[in-house]
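Inspection log for the structure reproduced underneath, given as structure tokens.
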Amino acid sequence: MRIGIAADHGGLTLKGQLADSLRGLGYEVVDFGAHHLDPEDDYPDFVIPLANAIAAGEVDRGVAICGSGVGASIAANKVPGVRAGLIHDVFSAHQGVEDDDMNVFCLGGNVIGSALAWELLQAFLSAHFSAAPRHRRRVAKVQALEKQKAEA
């Protein structure tokens, strides 16, 4: 599984820790930056390329980190085909995939520690979309909205 990962200055340290842990388990990690600490950088500069790679099928799942995770989630969700969720608990980490086909996992680098972040990321990566009729119907409604906006 190819995992894309991106962070601004607020998530840079956590991004490095998670990327190392992912590689240690044999995942292929595609790093969209940041690659060095710059307190003036902006999360869209890293999160949007990650989201575009998700939408294009270049990576299977994404991890986007900023200080709170909120900005990363907002930015990622602007790209059609991306279903990003701000995750800070184990239930949402797997439920977002199982019920909502979430493909980008957003975290706040200033909100949670690396041990919990790793636990949440493992729950996200091990989950699979249930494809239950009600969940397919709901995801289809989101996809229809994306298509409607693209045609406007």
* Structure fact -> For the chain, the accessible surface attributable to carbon and sulfur atoms (probe 1.4 angstrom, ligands and nucleic acids excluded) amounts in percent to 52 percent
* the stretch 33-152 - percent relative contact order, Cα under 8 Å, separation 6 or more -> 24 percent
* Structure fact -> The answer for the net charge of residues other than Asp99 whose Cβ lies under 11 angstrom from its Cβ, with Lys and Arg +1 and Asp and Glu -1, is +1
* Asked: Given a Förster radius of 30 Å and the C-beta distance between Gln17 and Arg138 as r, what FRET efficiency does 1/(1 + (r/R0)^6) yield to the nearest 0.05?
  -> 0.35
* Compute the long axis of helix 114-126 from its Cα atoms, compare it with the longest principal axis of the Cα atoms of the chain, and write down the angle in degrees, 0 to 90, nearest 10. => 30 degrees
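Show Lys15, Lys141 ordered by accessible area, largest first, where the area counts protein heavy atoms only and the probe is 1.4 Å. Each step should come with its number before you reach the end.
Values: Lys15 10, Lys141 135 Å².
My answer, sorted largest first, is Lys141, Lys15.
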* Can you tell which of Gly71, Gly11, Gly24 shows the greatest fluctuation in a Gaussian network model of the chain with Cα springs below 10 Å? -> Gly24
* To do: Quick one: check the C-alpha center-to-center distance for the stretch 37-92 versus the stretch 96-126, whole angstrom.
  => 11 Å
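The values are calculated or read from the model by the stated rules, or taken from the named source; none is laboratory data. Nothing here was measured: the structure is a model prediction, and the numbers come from that model. So basically every Cβ, Gly included, is an ideal-geometry build from the backbone, and we count neighbours across all protein chains shown. The accessibility values were calculated without ligands, DNA or RNA, using every heavy atom of the protein model including side chains. Shrake-Rupley method; radii C 1.70, N 1.55, O 1.52, S 1.80 Å.
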